[in-house]
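First the structure, in the form of structure tokens, and then the observations on it.
The values are calculated or read from the model by the stated rules, or taken from the named source; none is laboratory data. Model, not experiment: these values are computed from the prediction. Note that we place each Cβ from the backbone using ideal geometry, even for glycine, and neighbour counts take in every protein chain shown.
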Amino acid sequence: MRTERSHKAEKLIERMHEKVNRQAMLSLEACVHCGACTDQCHYVLANPGDPSYAPACKGDQLRRLFKAHMDWTGKLAPWWVGAKSVYTDKELEELMDTVFGKCTNCRRCSLVCPMGVDLASFNRMARGLLVHVGVMPAGVAAVAKDQWELGNQMGVLKEEYLETLSWMEEELETEYSGLHIPVDKAGADVLYAINPREVKYDPRTIAEAAAIFHLAGENWTMSSDGWDMTNFGLFNGDDELGASAAGRLYDAAHRLGAKKVVISECGHGFRSTRCEGPTWAKQDIGVPMESSIFTMLNYIRDGRIQVDPVRNSAPVTYHDPCNLARSCGITEEPRELLRAVCLDFREMVPNRAENFCCTGGGGAMSMSEYAPRRLKSASIKAEQLRATGARVVVTACHNCVDALADLIRHYKLDIEVKLLVNLVSNAMVR
Amino acid sequence: MHELTPLLKFAEGKLQIATLVFMALVYVLKIRWILSFPAGRDRQAPAGASNAKRGVAFSLLAIAMPWTLASFRQHPLRYAQFVVFHLGVLLSIVMSLLIPYAPRLMRAPHVVLGLQAAFGLAALAGIFRLVRRISDRSMRAISSPDDYFSICLLILWLVSSAMAAPNHPKSGELALLIYFFLTAFFLVYVPFSKISHYLYYPFARWYLGRTLGRRGVYPLVRDHAH
């Protein structure tokens, strides 16, 4: 019987004792190994011969550790209930391979589990335990470092961000007279928070949002600090990072006295800021937060902007981002918005909370070592897309945009990826 | 009235009470253990018209609404097995109380036949579940000795339930003795095995329902067109 344990393994076990709360404990205990989740995971469907992708099997990698140290049956008869501790750094690397490389925390298995086992939540916790002892994919470490140091995931400097806003304002000047992208305006009705990807790779979405706010006559602003609503703490399981990243945005809202925070299209960013952030930061925020999907939809409903769906005539389908559909309940509003701004909207099957992950969830896009696995599992999504016959797949998440674009290239699909803001902006009657 | 042998009298009476008390004690300790873990708090503001209560109700009842769970909707036979198997187990628990305390309720031949049919079908469902666990590679990968032992034991218990259901000690007590000793073993073993999952079920589903209800995920909205 082994008794020698590496320092990191020792620390990970200590941390587990601190981090397991009642919800996690119940998810760790309640699994009856019925296998109902198995064929609901895109990794399993794309790798039918490999049982290590089965959600219950992935969950067991942490479950056996929990049972070995925190469950009396596991302590009494470990072999009987499948309890097993970790001893070496190599075993920690193997755990990392499972929790980072074989699961996107999409929560599809959680929603089909008859027992209510929330694998996605405790897989995130397992990631956090590993991150605590410095075991994580290199890309995860790099992105987390950027978010800690600069407050955003993509290493965007403040100057770069402000210059991009000015550049977009200039771009729009000829088309929209009097359009201004306000920064740090006190007492605005809306504080608009964005994804750093918009600054780095897709600034047109900032311009499009600005045009929508302008035409709607919104009293809005952006912040010079705490402008990033994304949060790598959700992906790497680090609650402290989650609290810090979300806290910067909450501070900005309080500092500027904003009446509402509007979060641009991003599944994990919305979930982190709106749902998880207050819990991580241990504070009640007191400022309403909404997704820009609702903002745009309300502008149309209230007649604050006019749209002409003829301008988006190509067949369109919608990809429900996991974090919006399965963790935030946002499924109907994007559809209402799409029906208002395009002519031919067709559902992907399955959809809403049963939709398959784009395969880029859980920070997968930052883990290049797992890209071949990710793209193989993407065959499920590719088939879903192909079956719609749509020419445009719309989503409400920048992360999904990248993952979908990647799989579209890989599987040579004749389809284009867009965000809702692209379609709304295109349909707007000026 | 046939006089029971002291062994059967003991198996039906004192043994059952002692093991039931033992099980209850272990469950009290288990619930204390569950409650010793701090409950994570949800600080997010409720989303729209959603609320935690509706989410909890949906979460707890989802098991009875197979159309809401894709895993059951796509495998109706597995759901049927699940229902038949658990119904058989429930009826056997009830029978272990009826035989010693209200045998009159089991005198009608159609009641006995009905019970035997339920136990037989449940045992058959158990065999299907066991075969799947053994033959399916991904099921083998997630199965522990406790998983195999528990299902074997339940199948055996259901078969013994079918044999004991006529409750005719004068034509031989063996079936009743096997049934009651197995029941006693069960009562002692269950709290330490996966069979005690029903204790976790309401807690796990309550917390999941509370979180997802507050966020507007539960009750799930489905696409009925497809």
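In region A:266-292, the residue that is surrounded by the most Cβ atoms within 10 Å (Cβ to Cβ) out of those that are more than 7 Å from chain B (Cβ to nearest Cβ) and hydrophobic (A, V, I, L, M, F, W, C) is A:Cys266. Return the total of residues in region B:33-73 being in a loop (DSSP other than H, G, I, E, B), at the interface with chain A (Cβ under 7 Å from one of its Cβ atoms), free of Cβ contacts under 8 Å to residues at least 40 places away in the same chain and surrounded by 15 or more Cβ atoms within 10 Å (Cβ to Cβ). Summing the residues that are in a loop (DSSP other than H, G, I, E, B), at the interface with chain A (Cβ under 7 Å from one of its Cβ atoms), free of Cβ contacts under 8 Å to residues at least 40 places away in the same chain and surrounded by 15 or more Cβ atoms within 10 Å (Cβ to Cβ) in region B:33-73 gives 3. Considering A:Ala405, A:Ala390, the condition of being in a helix (DSSP H, G or I), at negative phi and not basic (Lys, Arg) is satisfied by A:Ala405 alone. In the set (1) touching a Gly at 6+ places or on another chain (Cβ under 8 Å); (2) surrounded by 22 or more Cβ atoms within 10 Å (Cβ to Cβ); (3) of a type outside the set (Phe, Trp, Tyr); (4) within 19 Å of A:Val135 (Cβ to Cβ), the condition left unmet by A:Lys58 is number (1).
Being surrounded by fewer than 15 Cβ atoms within 10 Å (Cβ to Cβ) and of a type in the set (A, V, I, L, M) is the filter; apply it to region B:94-126 and report the residue that is nearest to A:Val32 (Cα to Cα). Per the criteria, the residue is B:Val94. Among helices (runs of 4 or more DSSP H) entirely within region A:101-164, having at least 3 residues that are at pLDDT 95 or above and within 12 Å of chain B (Cβ to nearest Cβ) singles out A:108-112, A:119-132. Condition test on A:Ser368, is it of a type in the set (Gly, Ala, Ser) and under 24 Å from A:Cys109 (Cβ atoms)? It is false that A:Ser368 is of a type in the set (Gly, Ala, Ser) and under 24 Å from A:Cys109 (Cβ atoms). If the condition is being touching a residue at least 12 places away in the same chain (Cβ under 8 Å) and more than 17 Å from A:Arg124 (Cα to Cα), then region A:7-30 contributes A:Lys8, A:Ala9, A:Lys11, A:Ala30.
Cβ-Cβ distances below 6 Å connect the following pairs, each with a first residue in region A:301-326 that is of a type in the set (S, T, N, Q), a second residue that is in a loop (DSSP other than H, G, I, E, B), and a separation of six or more residues or different chains: A:Gln306/A:Val429; A:Asn312/A:Cys342; A:Ser313/A:Leu343; A:Thr317/A:Met348; A:Thr317/A:Ala390. Does region A:316-324 include one or more residues that are assigned to a strand (DSSP E or B), of a type in the set (S, T, N, Q) and more than 30 Å from A:Asp238 (Cα to Cα)? For region A:316-324, residues assigned to a strand (DSSP E or B), of a type in the set (S, T, N, Q) and more than 30 Å from A:Asp238 (Cα to Cα): present.
Evaluating B:Val217 against the criteria (1) more than 9 Å from chain A (Cβ to nearest Cβ); (2) outside any helix (DSSP H, G or I) leaves one unmet condition, (1). Please work out if A:Asp225 is at pLDDT below 95, in contact with a Lys or Arg (Cβ under 9 Å, 6 or more places away or on another chain), in a loop (DSSP other than H, G, I, E, B) and farther than 30 Å from A:Val99 by Cβ. So A:Asp225 fails the test. Scanning region A:301-340 for residues that are buried (at least 16 other Cβ atoms within 10 Å of the Cβ), β-branched (Val, Ile, Thr) and farther than 21 Å from A:Gly267 by Cα gives A:Ile305, A:Val307.
Of the candidates A:Pro334, A:Pro350, the single residue that is closer than 21 Å to A:Ile263 by Cα, in contact with a helix residue (DSSP H, G or I) (Cβ under 9 Å, 6 or more places away or on another chain) and either at pLDDT 95 or above or not in a helix (DSSP H, G or I) (or both) is A:Pro334. Can you confirm whether A:Val262 is β-branched (Val, Ile, Thr), surrounded by fewer than 21 Cβ atoms within 10 Å (Cβ to Cβ) and either within 13 Å of chain B (Cβ to nearest Cβ) or not in a helix (DSSP H, G or I) (or both)? No. Residue pairs whose Cβ atoms lie under 9 Å apart, sitting 6 or more positions apart in sequence or on different chains, and linking a residue in region A:167-191 that is on the phi > 0 side of the Ramachandran plot to a partner that is in a loop (DSSP other than H, G, I, E, B) and charged (D, E, K, R), are A:Asp184/A:Asp225; A:Gly187/A:Lys259.
Of all the criteria given as (1) touching a residue at least 12 places away in the same chain (Cβ under 8 Å); (2) out of contact with any Ser or Thr (no Cβ under 9 Å at 6 or more places or on another chain); (3) of a type in the set (Asp, Glu), the one not satisfied by A:Asp97 is (1). Scanning region A:158-190 for residues that are more than 20 Å from A:Ser425 (Cβ to Cβ) and not charged (D, E, K, R), we see that the one that is nearest to the chain's Cα centre (by Cα) is A:Tyr161. Of the helices (runs of 4 or more DSSP H) that lie entirely inside region A:1-68, those containing 1 or more residues that are facing chain B (nearest Cβ under 10 Å) and closer than 21 Å to B:Lys194 by Cα span A:22-30. Given the conditions (1) loosely packed, with under 15 Cβ neighbours inside 10 Å; (2) modelled with pLDDT of 95 or more; (3) over 27 Å from A:Cys41 (Cβ atoms), report the number of the one that A:Tyr192 does not fulfil. Here A:Tyr192 meets the rest and fails (1).
Table: residues versus (1) touching a Pro at 6+ places or on another chain (Cβ under 6 Å); (2) over 21 Å from B:Gln16 (Cα atoms); (3) touching a residue at least 40 places away in the same chain (Cβ under 8 Å); (4) not acidic (Asp, Glu).
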{"position": "B:Gly120", "(1), (2), (3), (4)": "no, yes, yes, yes"}
{"position": "B:Val131", "(1), (2), (3), (4)": "no, yes, no, yes"}
{"position": "B:Ile134", "(1), (2), (3), (4)": "no, yes, no, yes"}
{"position": "B:Gly172", "(1), (2), (3), (4)": "no, no, no, yes"}
{"position": "B:Arg222", "(1), (2), (3), (4)": "no, yes, yes, yes"}
